[in-house]
Amino acid sequence: MDYLDHVAITRHDSWSKFEQWRNEAGFRLVLFTTKAASSYLDFRYERDDVLLFGRESAGVTDEVASAADARLVIPIRPGLRSLNVAMAAAMALGEALRQTGSALPEGLRSKERW
């Protein structure tokens, strides 16, 4: 992919090592789950938030869910099962980038716009 030169990727070989890294860095863990009560649109994102999405079939473990600093849902019509995880990630990341201005070039970032 041609944009990989513009991102940093960090791999963790265990949940405990990820949690250690995240806590040392002071990053919030924001979990997207169908079991949450708060809408992703009502949440105030920060630039260093870590957005986490579970597997479509099973979500995340209870240990992971309890470690989250926030649990958010993308509301959908009652009776529908859930969104595809790629679609959910795109919607959530789009909202987080919109709120933080991270998707805009430096000269166009302005709190007055939002």
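Just for region 6-46: of the residues that are among the small types (Gly, Ala, Ser) and assigned to a loop (DSSP other than H, G, I, E, B), which one is surrounded by the fewest Cβ atoms within 10 Å (Cβ to Cβ)? Before you say what the answer is, go through the steps one by one.
Step one: filter region 6-46 for residues among the small types (Gly, Ala, Ser), giving 8, 14, 16, 25-26, 36-39.
Still in the running and assigned to a loop (DSSP other than H, G, I, E, B): 8, 14, 26, 36-37.
On the way: Ala8: 5, Ser14: 8, Gly26: 7, Ala36: 18, Ala37: 7.
Looking at the filtered set, the residue picked out is Ala8.
Kindly indicate whether Arg55 is over 28 Å from Arg77 (Cα atoms) and touching a helix residue (DSSP H, G or I) at 6+ places or on another chain (Cβ under 8 Å).
Values: over 28 Å from Arg77 (Cα atoms): no; touching a helix residue (DSSP H, G or I) at 6+ places or on another chain (Cβ under 8 Å): yes.
No: the conditions fail for Arg55.
Output the residues belonging to region 47-58 that are within 14 Å of the chain's Cα centre (by Cα) and surrounded by 12 or more Cβ atoms within 10 Å (Cβ to Cβ).
Asp49, Val50, Leu51, Leu52, Phe53, Gly54
Please specify each residue of region 49-87 satisfying the condition of being over 20 Å from Ser39 (Cβ atoms), assigned to a helix (DSSP H, G or I) and touching a residue at least 24 places away in the same chain (Cβ under 8 Å).
Result: Glu63, Val64, Ala67.
Just one of the numbered conditions (1) free of Cβ contacts under 8 Å to residues at least 24 places away in the same chain; (2) over 15 Å from the mean Cα position of the chain (by Cα) is not true of Phe27; which one?
The number of the failed condition is (2).
Any read-out appearing in this document is the output of simple, stated calculations on the displayed coordinates, not a laboratory observation. Predicted, not measured: the structure shown is a model, and the values here were computed from it. Positions of Cβ are backbone-derived with ideal geometry, glycine not excepted, and every protein chain shown enters the neighbour counts.
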